[in-house]
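Just below is one structure, and these are the notes that go with it.
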Amino acid sequence: MPGLSTEALKALVRTVPDFPKSGIQFRDITTLLAHGEGLAASIDLLADRAATLGASKVAGIEARGFIFGTAL
């Protein structure tokens, strides 16, 4: 992973408490997507994990999945 630790990547994901309703912690990844190095590092991490598991296909099931699935 080029230059960013897992903890640094986690810090790039914003938590919005009580959204869309009380008790839910919404994880907003737009802050990660806007950070070029962070996005590249997260894709590298996902690719490493997929390779370790022997994955040969990736499915991006929803909007955020399309972003990461395409890059993988």
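The values are calculated or read from the model by the stated rules, or taken from the named source; none is laboratory data. Note that the coordinates shown come from a computational prediction; the quantities given were computed from them, not determined experimentally. Using ideal geometry, Cβ is built from the backbone for each residue, glycine included, and neighbour counts are taken over all protein chains shown. What goes into the accessible areas is simple: the full protein's heavy atoms, side chains included, and nothing from ligands, DNA or RNA. Shrake-Rupley method; radii C 1.70, N 1.55, O 1.52, S 1.80 Å.
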*For the chain, what is the accessible area per residue in Å², given a 1.4 Å probe and the full set of protein chains?*
70 Å²
*asked:* Using helices alone, I'd like the mean residue ellipticity at 222 nm for the chain: each DSSP H run of four-plus residues gives -39500 (n - 2.57), total over residue count, nearest 500.
replied: -14500 deg cm²/dmol
*Subtracting the Cα-Cα distance from 0.36 nm times the residue separation, let me have the gained length for ALA71 to LEU46 in nm, one decimal.*
8.0 nm
*For the chain, how big is Rg over Rh, using alpha carbon atoms and the Kirkwood form of Rh?*
1.01
*For region 44-61, Karplus couplings with θ = phi - 60° (6.51, -1.76, 1.60), whole Hz, Gly/Pro x*: 4, 5, 4, 5, 4, 5, 5, 5, 4, 7, x, 5, 10, 9, 10, 10, x, 7
*Are there trypsin sites (Lys or Arg not before Pro) in the chain that DSSP marks as loop and that have at most 14 other Cβ atoms within 10 Å, and which are they?*
LYS21, LYS57
*On the protein heavy atoms, probe 1.4 angstrom, tell me the percent of accessible surface of the chain carried by carbon and sulfur.*
61 percent
*Heavy atoms of GLU37: accessible area, 1.4 Å probe, square angstrom to 10*: 90 Å²
*SER56 to ALA8: extension gain in nm, 0.36 nm per residue of separation minus the Cα-Cα distance?*
14.5 nm
*Linear extension gain, ARG64 paired with GLN25, 0.36 nm per residue minus alpha-carbon span*: 12.3 nm
